[in-house]
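S.K.: Below is the structure I would like to discuss, written out as structure tokens.
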Amino acid sequence: MTVKLVVGLDGADTGDRALAFAKDLAGRMDDCQLILAYVIEWSPFTFQTPEENAARHKRREEELATANERVMDPALAALKEAGFDAVGVVRHGDVAETLNAITSEHKAAQIIVGRASASGFAKRIFGSATQNLVMHADVPVTVVG
Amino acid sequence: MKINNKSLCAAAFALMASPAFAQEAMGIDEKVNAVFAKVTGPFVATIFAPIPGTSFPWIVMWLVIAATVFTLYFGFVQLRYFRHAIQLVKGDYADPNDAGEVSHFQALATALSGTVGLGNIAGVAVAVGIGGPGATFWMILAGLLGMASKFTECTLGVKFRNEYEDGTVSGGPMYYISKGFKQRGLPGGGILAVMFSIFCILGALGGGNMFQANQAHAQISGIVGDYPGWITGLVFAGVVFAVIVGGIKSIANVTEKVVPFMGVMYVGASIIILIANYELIGWAFGQIFAGAFTGLGVAGGLVGALIQGFKRAAFSNEAGVGSAAIAHSAVRTSEPITEGFVSLLEPLIDTVVICTMTALVIIISQQLIIDEATGLYMLNEAGSAIATVDGNSGVALTSAAFGSSISWFPYVLAIAVILFAFSTMISWSYYGLKAWTYLFGEGKTTELVFKLIFCVFIVIGAAASLGPVIDFSDAAIFAMAVVNIFALYFLMGFVREELQSYSSRLRQGVIKKFAGS
């Protein structure tokens, strides 16, 4: 049976570290699929101007295209070249909730993310996406330091 | 832009320091006022003409009859689908694959930031000041009925919007009138759409602009002392110019985020005042009910209370006016009717909750003078409104009412008024622009022309006195309702088809909540 691992990418070092760890893990297994997930932080409960609303659909398409082009496609290409079985998902939403939702949809066994980069004051006030994920995920979460 | 605004402010304050200049400036204000009143007079008189043989303006009847017709035609949709509307706003029926598109909540919040504003603060004070506490009753009733009008127009707004190749959308009455009439094979859709667009531009310049600038100036000068209105106008125009022409989104973004908190704070402060005076709440409601049916000696009596209540409700929540249909059109949904359900919450929040809070605070703080001998309200010297403790009217009356319980609240209110005025102006500049581009076509130059006209009217609005401005603002907004409601009668069949289809699919479980919601 194929073991599926969800890897959270963020287009920065944090995601790269998570991906490196996941590759290492997948390399040790016979049959493993990596599901790369990139979540564009977005909430349906924000306040916007009429102009922003009118242009929102267009902006969303651009955001998805940029995320695929800059983060997802290069990562997938590199994995395929190295002989890994991998798919990619780019979606808007709350990072922790969306990663968990993607995991359930694919019936994945584990989520691998990098340690959140937020530090100091902001982190104390708002917490971090990683903390939220660890607290609420339905499957085990590996946080790569 | 920053440099321009700063230099404008510096110049304005330097000029204010000179007494001779202040006198001359007051003269400019008076001249602007006189010319404005003369120019807009005939238009205002036509819109507010009384029904022959009565003192009842036909336009008020027009709005109330429409709201009643829609309420009955859709079988009290505002009650039957109220819970469903809340579920839609919460996102219970939102497809996760549509994440990142405009949500129902965002469309509602955007439309609300265009309507919640000075109508709720100053407009209610005008209604209660002229029509007495009884106006509140009619205002609430108009708000509840208006929910059905809003439902009708917003469903059509989404159904007939234009979606362009680049992914942007444009919607509103001008689109559903022209497309809907064509689809039904009815003549005159094009002409009606053009008429609506013209009135929408006037409404944007009036209620969505001049009234806001005028009352923002009244609020500021009430705190810092009297100074010429055009100075406030210039500063406001500068900031609005920076946003709508200069594209400085950060100002609009900050306002859009602060305004909802201001709204919550306003309601919170009202509740605190009501709790502190809880023993008067029963009496206040007594005044509202008694006034609604007897007039309590107010100028115009019962009819005066009714007219004021209906007028201010319509002006505040804009149900039947068609403006919200423009704002709601941006939502991403395959079911236009869902946006109709969501939009019916708007008059409820705007009028039934926020306006009622303002009215209760004004009544409970006893700013309106009651003749102890008769128990009736005393009229002012001119006999045009109820006498108030300090002779205040409009936003100053609301400010005094809040100030009598929370001494520092007028300062918070001043900030709220400025922000509300600003966010309403930004929203209406968009509504006006959509009407303008419908008439003259999309394009940078045509858009710029409208935006410049919009900024000029801010200065005129701040300089003119309340009377002519409020008359023109009302007249322009109600003129939109004349065309819009006329068209809605012909198009409401579309909404009923949508409603029947949706409700049967909802009952059969074809439309269901998404997992995890």
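The values are calculated or read from the model by the stated rules, or taken from the named source; none is laboratory data. These numbers come from a predicted model, not from an experiment. Glycine gets a Cβ as well: all are built from the backbone with ideal geometry, and neighbour counts include every protein chain shown.
S.K.: Here is a list: B:E381, B:E339, B:E346. Which entry is part of a loop (DSSP other than H, G, I, E, B) and either in contact (Cβ under 8 Å) with a residue 60 or more places away in the chain or of a type in the set (D, E) (or both)?
M.R.: B:E381
S.K.: Any idea which of (1) free of Cβ contacts under 8 Å to residues at least 12 places away in the same chain; (2) surrounded by 22 or more Cβ atoms within 10 Å (Cβ to Cβ); (3) among the polar types (S, T, N, Q) is the one B:T446 doesn't satisfy?
M.R.: (2) is the only condition that B:T446 fails.
S.K.: Of these, B:Y411, B:Y430, which one is over 22 Å from B:A122 (Cα atoms) and aromatic (F, W, Y)?
M.R.: From the options B:Y411, B:Y430, the qualifying one is B:Y430.
S.K.: Right, here's the next one. For the subset of segment B:96-133 comprising residues that are in contact with a Phe, Trp or Tyr (Cβ under 7 Å, 6 or more places away or on another chain) and under 16 Å from B:F310 (Cβ atoms), which member is nearest to the other protein chains (Cβ to nearest Cβ)?
M.R.: Once the filter is applied, the top-ranked residue is B:G119.
S.K.: Find all pairs meeting these conditions: Cβ atoms under 6 angstrom apart; at least six residues apart or on different chains; first residue within segment A:39-51 and at the interface with chain B (Cβ under 7 Å from one of its Cβ atoms) and acidic (D, E); second residue surrounded by fewer than 17 Cβ atoms within 10 Å (Cβ to Cβ) and part of a helix (DSSP H, G or I).
M.R.: Listed by first residue and then by second, the contacts come to nothing, as the list is empty.
S.K.: In segment A:9-37, how many are closer than 21 Å to A:A67 by Cα and either part of a loop (DSSP other than H, G, I, E, B) or within 14 Å of chain B (Cβ to nearest Cβ) (or both)?
M.R.: 4
S.K.: Also: For segment B:202-261, what are the residues that are of a type in the set (V, I, T), touching a residue at least 12 places away in the same chain (Cβ under 8 Å) and within 13 Å of another protein chain (Cβ to nearest Cβ)?
M.R.: Of everything in segment B:202-261, those that are of a type in the set (V, I, T), touching a residue at least 12 places away in the same chain (Cβ under 8 Å) and within 13 Å of another protein chain (Cβ to nearest Cβ) turn out to be B:V240, B:V243, B:I244, B:V245, B:I248, B:I251, B:T255, B:V258, B:V259.
S.K.: Does B:T136 meet the test of being under 27 Å from B:L79 (Cβ atoms), at pLDDT 95 or above and in a helix (DSSP H, G or I)?
M.R.: Criteria not met by B:T136.
S.K.: If you check B:L192, B:L186, which single one turns out to be assigned to a loop (DSSP other than H, G, I, E, B) and touching a residue at least 12 places away in the same chain (Cβ under 8 Å)?
M.R.: Selected residue: B:L186, the only one of B:L192, B:L186 that is assigned to a loop (DSSP other than H, G, I, E, B) and touching a residue at least 12 places away in the same chain (Cβ under 8 Å).
S.K.: Regarding A:I40, is this residue among the β-branched types (V, I, T), farther than 18 Å from A:V139 by Cα and under 10 Å from the mean Cα position of the chain (by Cα)?
M.R.: The answer is yes for A:I40.
S.K.: A further question on this structure: Would you call A:R70 under 30 Å from B:N253 (Cα atoms) and away from chain B (no Cβ under 14 Å)?
M.R.: yes
S.K.: Check every one of the helices (runs of 4 or more DSSP H) wholly within segment B:387-481 and list those with 2 or more residues that are within 21 Å of B:I251 (Cβ to Cβ).
M.R.: B:409-440, B:444-463
S.K.: Determine which single condition A:A77 fails, assuming it passes every other condition in (1) more than 30 Å from B:H328 (Cα to Cα); (2) among the aliphatic types (A, V, I, L, M); (3) within 14 Å of chain B (Cβ to nearest Cβ); (4) free of Cβ contacts under 8 Å to residues at least 24 places away in the same chain.
M.R.: Among (1) more than 30 Å from B:H328 (Cα to Cα); (2) among the aliphatic types (A, V, I, L, M); (3) within 14 Å of chain B (Cβ to nearest Cβ); (4) free of Cβ contacts under 8 Å to residues at least 24 places away in the same chain, the lone unmet condition for A:A77 is (3).
S.K.: Could you list all residues from segment A:89-99 that are more than 9 Å from chain B (Cβ to nearest Cβ) and farther than 15 Å from A:L64 by Cβ?
M.R.: Result: A:D94, A:V95, A:A96, A:L99.
S.K.: Using the structure shown, decide if B:Y411 is in contact (Cβ under 8 Å) with a residue 60 or more places away in the chain and out of contact with any strand residue (DSSP E or B) (no Cβ under 9 Å at 6 or more places or on another chain).
M.R.: It is true that B:Y411 is in contact (Cβ under 8 Å) with a residue 60 or more places away in the chain and out of contact with any strand residue (DSSP E or B) (no Cβ under 9 Å at 6 or more places or on another chain).
S.K.: Moving to a separate point now. Among (1) under 21 Å from the mean Cα position of the chain (by Cα); (2) within 18 Å of B:Q106 (Cα to Cα), where does A:A54 come up short?
M.R.: (1)
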